[in-house]
Amino acid sequence: MNNRAIVPLCPLDTAPVQQLCMGNVQVLRLDQWGGVAAGNKRFKLRRHLARATEQGMGRVLSFGGAWSNHLHALAAVGAELGLQTIGIIRGGEQPTPMLEDARAWGMELVPVSRQEYRRRYESAYLETLAARYAPCLVVPEGGGGPEGVRGCVEIAELINRLDRHWSRVVVAVGTGTTLAGLAAGLECADELIGVSALKGAGALADTVQQALADSGLQAKVPWRLKHDYHCGGFARTSPALRAFLQAFEQVQKVQLEPVYTAKALYAVHTMLRSGQWSPTEPVLFVHTGGLQGRRGYTWLNQGCE
């Protein structure tokens, strides 16, 4: 990746979204950068794959479910780099367009039982997989670990080079890897807000802190998490979220997906509408991509249910 790459910055239209102007919000369009692996996943993978190349490993293995953005990106980038990729797929799930894409890019899909999948953090299990597919680099689920965090620091560096100061930078959060990288690299914001896409993620702040420590990094900007916008849980939606997503896209002509980005922007909209955030303070929203996941939600093309 070219560290001087310019990611599109999109100011939102001043036309109201559900009776609210979001004209103080700009969007860092990572979804428009990175080709078929657009978004934050390419940043998270970059150093993992560089390590594989440096160590002479032509095969990379990782984990995910049937709609995994991570495995989708790994397969795409692996094909670009000429690396063999293996996806350990959580069992009991039906084939999806995401897995079909991954297979078309050459990824070997290995379904395992949910019981076996739960072992994905066990050292002995990871060593067994690495030996079975040797020479093979095993990448944590979601592209986490120190390499993933340091890769996401580069997103912060892109933001710093915009030569702007933001009252808040907002990003959706799953594993916390992207949030950790942004916290370690941002130098142009008063605070960093992470909007959790998961229900019951009370330990997420500790996870982010540990990710920073494991990476040998410290936060340069105050950061905090918001836990009230999961809309029912991971990959779930609520009527309010669906109505917001469709209203936002109709006005702004910027596509979102319901798992991460729509929830995070819904949080921004709610904070502005409630008066907790001032409409005069500049906000940067980091669009982390994942638009290929829209294929799992038929209502996006059929109207709000």
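The values are calculated or read from the model by the stated rules, or taken from the named source; none is laboratory data. This one's a predicted model, so the numbers in the text were calculated from it and none came from an experiment. Cβ coordinates were reconstructed from backbone atoms using ideal geometry, including for glycine residues, and neighbour counts include every protein chain displayed.
Tally up the residues in the range 99-112 that are outside any strand (DSSP E or B) and either touching a strand residue (DSSP E or B) at 6+ places or on another chain (Cβ under 9 Å) or outside the structural domain of ASN69 (by TED's automatic domain parsing) (or both), please.
6
When you look at GLN55, is it of a type in the set (S, T, N, Q), at negative phi and modelled with pLDDT under 95, yes or no?
Against the criterion (of a type in the set (S, T, N, Q), at negative phi and modelled with pLDDT under 95), GLN55 qualifies.
Which numbered condition in (1) under 19 Å from the mean Cα position of the chain (by Cα); (2) free of Cβ contacts under 8 Å to residues at least 40 places away in the same chain is the only one that MET271 fails?
(1)
Considering only residues that are without any contact (Cβ under 8 Å) to a residue 40 or more places away in the chain, within 21 Å of the chain's Cα centre (by Cα) and surrounded by fewer than 22 Cβ atoms within 10 Å (Cβ to Cβ), which ones fall in the range 90-104?
Selection gives ARG90, GLU100.
Hey, any hits in the range 127-141 for a residue that's part of a helix (DSSP H, G or I), closer than 20 Å to THR207 by Cα and in contact with a strand residue (DSSP E or B) (Cβ under 9 Å, 6 or more places away or on another chain)?
yes
Check ALA211, ALA205 and return the single one that is aliphatic (A, V, I, L, M), in a helix (DSSP H, G or I) and free of Cβ contacts under 8 Å to residues at least 40 places away in the same chain.
ALA205
Need a quick list: strands (runs of 3 or more DSSP E) entirely within the range 8-79 having at least 2 residues that are touching a Pro at 6+ places or on another chain (Cβ under 9 Å) and touching a residue at least 40 places away in the same chain (Cβ under 8 Å).
25-29, 59-64
Based on this model, can you work out whether GLU281 counts as acidic (Asp, Glu), modelled with pLDDT under 95 and exposed (fewer than 15 other Cβ atoms within 10 Å of the Cβ)?
No; evaluated as a whole, the condition is false for this residue.
Here are the criteria: (1) farther than 17 Å from TRP223 by Cβ; (2) at pLDDT 95 or above. Tell me which single one ASP163 does not satisfy.
With respect to (1) farther than 17 Å from TRP223 by Cβ; (2) at pLDDT 95 or above, ASP163 is out only on (2).
Right, ARG236: assigned by TED's automatic domain parsing to the domain that holds LEU291, surrounded by fewer than 21 Cβ atoms within 10 Å (Cβ to Cβ), modelled with pLDDT of 95 or more and closer than 30 Å to LEU20 by Cα or not?
No; evaluated as a whole, the condition is false for this residue.
Mind telling me which of the residues GLY275, GLY289 ends up being modelled with pLDDT of 95 or more, in the same structural domain as THR175 (by TED's automatic domain parsing), crowded, with 18+ Cβ neighbours inside 10 Å and at positive phi?
From the options GLY275, GLY289, the qualifying one is GLY289.
Does the range 221-232 include one or more residues that are in contact with a Phe, Trp or Tyr (Cβ under 9 Å, 6 or more places away or on another chain), assigned to a loop (DSSP other than H, G, I, E, B) and either at pLDDT 95 or above or at positive phi (or both)?
Yes, some residue in the range 221-232 is in contact with a Phe, Trp or Tyr (Cβ under 9 Å, 6 or more places away or on another chain), assigned to a loop (DSSP other than H, G, I, E, B) and either at pLDDT 95 or above or at positive phi (or both).
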